[in-house]
Structure formats: structure tokens, C-alpha cells
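Everything on this sheet refers to the single structure shown next.
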Amino acid sequence: MRITILSGSVPTTTFIDGLINAMADEGFEMTVIGKRTGTYHYHKNVQAIIVPDGFIRRIIFIKLMILTTGFKHLGKIFRASKGWKGFYNDLLFYLPIIRSKPDRIHLQWTAFIHNRDLLFDMFPGKVLVSMRGAHINYTPITTPEIKESYLRLFPYVHRFHAVGETIVKEAEQYGVDRQRTDVIYSYVADELLAKEIIPKETRKELHIISVGRFFWKKGYEYALDALHILKQKGIPFRYTLIAEGNTPPDIIYQLHQLGLTDYVDIQNGATHDEVLKQIEGQDVLLLPSVEEGVANVVLEAMALGTLVVTTNSGGMEEAIDNNISGFVVHVRDTQGIADALVRVNALSKEERYTIALAAKNTVLQRHNKKEFVARFAQFYKR
């Protein structure tokens with residue numbers, strides 16, 4: 001089968017790039033379409049169609065796409081477009097898809113469906129949509145016109161993919177049919193699953209790490225407030241925050257206001273391998289998010305034997321069995337985060353190892369590549 005992936009960028013997220021390469025390895029012909037945002041390394045069965053930047057380069061790109069797809073689609077695209085600017089943007093969107101000759105078109109972000117009525121006219125029964133946290137949890141609330149697109153176009157989607165059951169329940173209010181939805185969890189790389197975890201020695205300081213990007217939904221302000229509680233309790237700790245982008249002024253100010261500057265190390269980005277190495281060396285990974293799907297970084301920490309404290313945002317309660325494979329607290333519950341970290345600090349070496357083993361077993365059973373590939377192969381063939 002020929003599967004066209006609409007991700008918006010090439011390369012894209014860890015989950016999507018993992019999906020592309022895993023399905024290509026399974027024999028599917030994969031095409032990924034988007035703007036180039038960095039270096040990418042795909043399987044030989046993957047074709048990348050890069051939408052260029054710049055007006056002149058895009059005009060040349062459109063001409064090349066027309067030459068390879070023919071002129072028969074132009075009238076239909078023009079009639080569906082709003083003005084010449086809309087026609088220009090629609091050509092950039094539709095022509096690469098037509099060029100890929102897809103058996104299935106997989107929109108990786110739910111909001112990509114917005115005002116894409118023509119997509120369903122041109123490719124009936126071929127459009128698949130992935131649902132993750134943000135595009136279901138808050139985008140239709142903050143952007144009413146996207147909600148309208150969901151309500152209008154969801155009935156025409158062939159099948160939905162969701163990263164967790166919680167997302168499905170949230171999406172049902174916009175017309176998502178549970179019978180046409182497959183819940184497929186992220187997978188953890190085989191080399192991480194194969195890695196044996198060993199008991200970690202307790203130390204004088206509790207070493208805590210968070211990984212993500214500087215964005216309001218990541219909830220770092222709640223993490224810092226919780227750490228201030230630890231400081232007031234006299235519990236020694238070190239907090240490493242690896243986040244892409246410049247550190248926002250409000251975070252810098254909060255660090256100084258709470259007297260945490262000497263306790264917190266902020267790293268503005270790191271390679272994936274560097275992140276994994278740092279996670280493995282910590283006592284606990286903290287996910288203070290107010291909105292999530294199922295965070296890959298949590299699954300990786302579980303595979304590496306690092307304990308997890310997470311909020312119950314999105315589908316995180318599906319990943320962590322509270323008090324057994326990690327600790328789950330309520331969103332924005334600063335005291336709850338602090339209490340969970342205090343509890344981790346009080347655990348013996350043996351108790352920490354028992355929880356780490358339970359977490360490892362969870363990812364081995366539910367988040368392995370074999371299960372992931374089998375489920376997505378079924379998803380595409382339905």
C-alpha cells in the first residue's frame with residue numbers, strides 16, 4: 001500500500017518518524033510531505049516531498065508538481081479555493097498529495113482537517129486522522145472555526161487513530177465514531193526495551209529531570225512551585241530542565257523569586273541520545289504538564305528504570321498505574337507534585353527498584369514495536 005503522511009515538517013516528531021520508518025520496514029510505500037526543518041534519515045521505502053520556503057521557489061515547485069500530475073485537477077482546486085491567495089496555498093497542499101498517488105492519506109495532526117472539504121471529495125474513503133492531546137483537548141475550544149470543521153468533516157474520515165482512550169472520549173463530543181477509531185500507543189525503541197535496568201543507589205540529593213519545550217501546556221511553573229515546597233521542607237534536590245528554545249523571562253523571574261537558582265540547571269535543548277543518557281542518570285522524571293497525549297519521554301524513562309511523577313493530563317493515567325509503576329497527581333496540583341517527590345525521596349533502594357520493574361514491564365508489554373506495527377498495518381488496511 002502507498003501511505004501518504006501529512007506531518008507539516010520533515011523530519012517530524014519522534015512518534016511520527018518512528019511510524020514512518022517502522023511501516024516502511026514492514027513493506028509499505030511511505031511518502032511524507034512537509035517543510036524541511038532539519039536533517040532526516042528515512043528508510044529506503046520512504047519518499048520525502050519537501051515543500052520549499054520562499055515565493056519564487058514555491059512557484060517553481062507548483063509548476064513541477066503540475067507537470068508531474070497533469071492539469072486536470074486545477075479547475076477543481078480553483079473552484080474550492082478562496083481567492084488567488086487561497087488557490088496558491090491550496091496548490092501547495094493538494095498537488096504533492098496527488099503526486100504521491102496514495103491508497104491512504106494520514107493526517108498526523110487533527111487540525112489539518114480544517115476547511116479541507118476538497119480532500120474528502122478527491123480522495124473518498126482514503127483519509128485517516130490521528131488524534132493527539134492539544135488538537136482535541138483545547139484547539140477546538142480556543143479556535144471555534146476549527147471546531148466547526150471537526151463537526152462538519154469528521155463523519156467523512158475513513159478511520160481515526162488515537163494515542164489513548166482518554167483522547168477518544170474527549171473527541172466524541174465533536175462527532176468521532178468510536179467504532180471507527182483505533183487506539184494505538186507509542187512504541188519504545190527495541191534497544192531501550194532490551195536494556196536491563198539495575199537498582200539505583202539512593203543519594204543525599206534527589207535528582208529530578210523534566211524534558212520538553214518551553215510552552216504553557218508543559219506546566220513548568222507548577223514544577224518550580226513544587227520544588228520550592230521541597231526546599232522549604234529541607235529536602236535536598238537537583239532539578240535538570242531540558243527544554244527547547246530560549247528560557248522565558250517568567251521562568252527566570254520565578255527561579256529568582258523562589259530562591260531556586262542554585263538548585264535548577266536549565267539546558268536549552270539537547271540531542272535525543274543526550275536526553276536519554278541524562279534521564280537514565282536521574283532518580284525521577286517529572287512531567288508537570290497541564291495537557292498531553294501520552295508523552296514519549298515518560299515511556300522512555302520507564303524503559304530506562306527512572307521513576308516517573310506525572311500529572312493526570314491527557315492519557316498519562318493509561319501509561320502509569322499510580323503507586324505501582326509510578327506516581328500520578330492532578331493537573332496544577334503543586335502540593336501533590338511535591339508530596340509525590342517527597343514520597344520518592346523516602347523510598348528505599350529496593351522499593352524504587354520494584355516500581356521501576358513494574359514500569360519496565362508495562363512498556364515491554366504495551367509499548368513495543370511489534371505490537372505497534374501490527375496495529376498500524378491493520379489500521380491502514382481496513
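The values are calculated or read from the model by the stated rules, or taken from the named source; none is laboratory data. Note that this is a predicted model, so its numbers are computed, not measured. Heads up, the Cβs are rebuilt from the backbone with ideal geometry, glycines too, and the neighbour counts pull from every protein chain shown. Ligands, DNA and RNA are stripped out before the accessible areas are found, and what is left, the full protein with its side chains, is counted by its heavy atoms. Shrake-Rupley method; radii C 1.70, N 1.55, O 1.52, S 1.80 Å.
Both numbers refer to the Cα atoms of region 106-202; Rg and Dmax are 17.0, 61 Å.
Taking only the alpha carbons of region 270-328, we obtain Rg and Dmax values of 10.9, 31 Å in that order. The Kirkwood radius of region 23-118, taken over pairs of alpha-carbon atoms, gives through the Stokes-Einstein law at 10 °C and 1.306 mPa s a diffusion coefficient of 108 µm² s⁻¹. Taking a ≥ b ≥ c as the square roots of the eigenvalues of the Cα gyration tensor, region 188-268 is oblate, since a/c reaches 1.5 or more and a/b is not larger than b/c. For the chain, averaging the sequence separation of C-alpha pairs within contact (under 8 Å, six or more residues apart) and dividing by the residue count gives a relative contact order of 14 percent.
Rg and Dmax, both from the Cα atoms of region 144-198 and both in Å, are 16.2, 52.
Please report the carbon-and-sulfur percent of the accessible area for region 182-327; probe 1.4 Å, protein heavy atoms only, DNA, RNA and ligands left out. Of the solvent-accessible surface of region 182-327, carbon and sulfur hold 48 percent. In the context of the full protein assembly, residue 317 retains an accessible surface of approximately 110 Å², using a probe radius of 1.4 Å and ignoring ligands and nucleic acids. Packing-based ranking of 99-111, 186-198, 303-315 yields 303-315, 99-111, 186-198, ordered from highest to lowest mean Cβ neighbour count within 10 Å. Seen against the Cα atoms of the chain and their longest principal axis, helix 55-69 is set at about 60 degrees.
For region 218-365, the spherically averaged projection of the C-alpha convex hull amounts to 8.2 nm².
Computed from Cα atoms, the angle from the helix 349-366 axis to the main principal axis of the chain rounds to 10 degrees.
Working note: Cα atoms of the chain, range along each principal axis, descending, whole Å: 71, 42, 39.
Rolling a 1.4 Å probe over the protein heavy atoms gives the chain an accessible area of 46 Å² per residue. Rounded to the nearest 10 degrees, the angle from helix 369-381 to the longest Cα principal axis of the chain is 30 degrees. Would you work out if region 5-72 is rounded, prolate or oblate? Take a ≥ b ≥ c from the square roots of the eigenvalues of the alpha-carbon gyration tensor; rounded if a/c is under 1.5, else prolate when a/b is larger than b/c, oblate otherwise. Here region 5-72 falls in the oblate category.
Taken as Cα centroids, region 270-331 and region 8-79 sit 32 Å apart, rounded to the nearest whole angstrom. Per residue, the chain reaches -13500 deg cm²/dmol at 222 nm when only DSSP H runs of four or more residues are counted, each adding -39500 (n - 2.57).
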